[in-house]
Amino acid sequence: QVQLVESGGGLVQAGGSLKLSCAASGTIYTIGAVGWYRQAPGKERELVARITDLGRIIYADSVKGRGTISRDAYKNTFYLQMSSLKSEDTAVYYCNAAVRTGRYSSLGDYWGQGTQVTVSS
């Protein structure tokens with residue numbers, strides 16, 4: 001079993017910043033790509049940022065220049081740094097990770113429970 005737990009969400013003033021963390025635990029052999037997604041009420045869940053195990057990164061156009069995704073090479077922990085926050089950033093943010101649970105296991109997708117980010121003006 002693999003669990004992902006997000007933290008760092010909350011109420012933030014417009015123009016401010018925050019850092020989200022995603023901690024993975026359980027039966028983990030290796031972790032591949034990790035991504036942050038968000039979902040606002042009435043909208044589809046969308047990709048915010050993703051980083052592969054080789055360090056390749058992609059960002060959604062809406063967060064380019066404002067978001068930074070990173071991962072700790074020695075801990076099963078991943079981060080999303082956001083700055084210049086806008087009301088449009090208000091959403092539930094989810095951490096997603098591709099995890100191999102054993103040497104002969106395929107990569108599987110796992111999701112965190114989500115953390116609420118609310119940006120006030």
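The values are calculated or read from the model by the stated rules, or taken from the named source; none is laboratory data. A quick note: this is a predicted structure, and the numbers were derived from the prediction, not measured. Here the Cβ is made from the backbone with ideal geometry for all residues, glycine too, and neighbour counts use every protein chain on show. Please note that ligands, DNA and RNA were not included when accessible areas were found on the heavy atoms of the full protein model with its side chains. Shrake-Rupley method; radii C 1.70, N 1.55, O 1.52, S 1.80 Å.
Structure notes:
- The chain - percent of accessible surface contributed by carbon and sulfur, probe 1.4 Å: 46 percent
- On a per residue basis, the range 1-71 carries 57 Å² of accessible surface, using protein heavy atoms and a 1.4 Å probe.
- Panel values: the chain, Kirkwood radius from alpha carbon pairs, Stokes-Einstein at 20 °C and 1.002 mPa s, translational diffusion coefficient 148 µm²/s.
- Panel values: the range 36-79, Kirkwood radius from alpha carbon pairs, Stokes-Einstein at 20 °C and 1.002 mPa s, translational diffusion coefficient 185 µm²/s.
- Note on Ser87 and Thr30: the model spin-label points, each 7 Å out from Cα along the C-beta direction, lie 4.7 nm apart.
- For the range 47-117, the set of chymotrypsin sites (Phe, Trp or Tyr not before Pro) satisfying both a DSSP loop assignment and a count of at most 16 other C-beta atoms within 10 Å is given as Tyr74, Tyr104.
- Low-density loop cleavage sites - GluC sites (Glu not before Pro) in the range 1-80, where at most 11 other Cβ are within 10 Å (DSSP): Glu44
- Those trypsin sites (Lys or Arg not before Pro) in the range 77-113 that DSSP places in a loop and that have at most 12 other beta carbons within 10 Å: Arg103
- Global form of the range 11-72, assessed from the alpha-carbon gyration tensor, a/c cut-off 1.5: prolate
- Pair Thr118, Leu54: separation of 7 Å Cα→Cβ label points (nm): 4.2 nm
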